[in-house]
Each structure stands twice: as structure tokens, then as C-alpha cells.
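Below: the structure, in C-alpha cells.
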């Protein structure tokens, strides 16, 4: 499994805007969507192309198109905040959904909703969540995607903690991880430091 930190200047700038505690939900959502779109270029670098003959205004030539189906799997609810930006670049991408909550006693993720697409087994699958903290939710979501039959899976997040990366590498050594930033650590409350707070609350304006 490879871990890739995408440190493009435009991504770094937008992430800095998101980290500021006084950033509005509107600006937070807009920058999150834009970062999701920018990250797609790196995440899908190995997306296969199908050759075919086309005719330009000058001559015939060989062109290449993306025929591979793509399925986004946001972890509800914060993961929904990254799907629109990705779909702007890949408008044909379908969206499956996985809803998880953390059990207050065991602290382990519990599934409360899951809806796959019909073609997920033959698709490039991108599991999406802005935060990779402990790694429990991400690992569980990938478990579910594999149960659906998904074979080519990648995980994309905005901010990752080393603890979450280690957990995902241990549980799913076959999955590539992409993040806009590898942050310092988790604090005692399980928040990423320096992080950007609760992504779901900041996306939807809730507390």
C-alpha cells in the first residue's frame, strides 16, 4: 500500500483557508469541493484509457477515452462534502453511500446505512472522508466495499493522522491512501492536531 501526500500549492493554500477557525461553512464547503477536484488528478493517474480512431478537422488519428466506471463511496456525513468536487472532474462517477457512527462504549464504528451501486465490483472505487483520524471508520468502510465485491479501491482524505494511516495500512495493506496533509498526531479527544476541527460540523454548520 502506498501513502501519497499531495502537496500542490493550490491545495496547500485552500487547506490553510479551511483550517482557520473563523472560516464560514460556505467557504469551508467551497474549498473542500475544490481540493477534492484537484486531488483527482493524482488519485486517478493510473486510470486506464481505451484507444479509438477519431477524425480531427485535419486528419484521422488515435484518441484515448476513459471507459472505466468510477464509483465514489463517501462515508456519511462528512464524506458527502468531497463528492461534488470530484464529480465535476468525473461527471459519470456514480455514488454509493456508507453511514457509520461510533459506539460510545467500544469506540468502534457501527454501520447504520449502506447502499452500493450495481456495477461496483467492476469499477474503480474511491472511498472518501475528509478526515483520517483513528482509521476505524475508514477501515470499516473499506471492509464493506470489499464485501460488495469491489476489487480496485483507493482511499482519499483531506487531513490524515499518522495513527489513522498506520491502522489502515495494517487492516488493508492493498489499499492506496491519498491525503492533502499528513498532520502531527491525535490529541486525547481523538481530534487531529493541528487538524481543522469536526469536518461534518463545519461543512453543514452544525455543532
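Each reported figure results from applying straightforward, stated rules to the coordinates on display, with no laboratory input. None of these values were measured; they are calculated from a predicted model.
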Can you tell me the 0 to 90 degree angle between the C-alpha axis of helix 80-89 and the longest principal axis of the chain, rounded to 10? 20 degrees
Segment 11-96: relative contact order as a whole-number percent, Cα under 8 Å and 6+ apart: 28 percent
Could you work out the relative contact order of segment 11-157? I mean the mean sequence separation of Cα pairs under 8 Å and 6+ apart, divided by the number of residues, in percent. 20 percent
When you take every Cα atom in segment 57-151, what is the radius of gyration, and what is Dmax, the widest Cα pair distance, in Å? 16.4, 68
Computed, not fitted: 222 nm per-residue ellipticity of the chain from DSSP H runs ≥ 4 (each -39500 (n - 2.57)), nearest 500, equal to -10000 deg cm²/dmol
Segment 46-125 to segment 154-192: how many Å between their Cα centroids? 20 Å
Any idea what angle helix 25-43 forms with the longest principal axis of the chain, computed on alpha-carbon atoms, 0 to 90 degrees, nearest 10? 50 degrees
Measure nothing but the geometry: give the 0 to 90° angle between the long axis through the Cα atoms of 9-19 and the longest principal axis through the Cα atoms of the chain, rounded to 10°. 30 degrees
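What is the percent of Cα-Cα separations in segment 1-108 that go past 21 Å? Before the final figure, lay out the partial values.
Working: 3135 of 5778 pairs.
Result for the distance tail: 54 percent.
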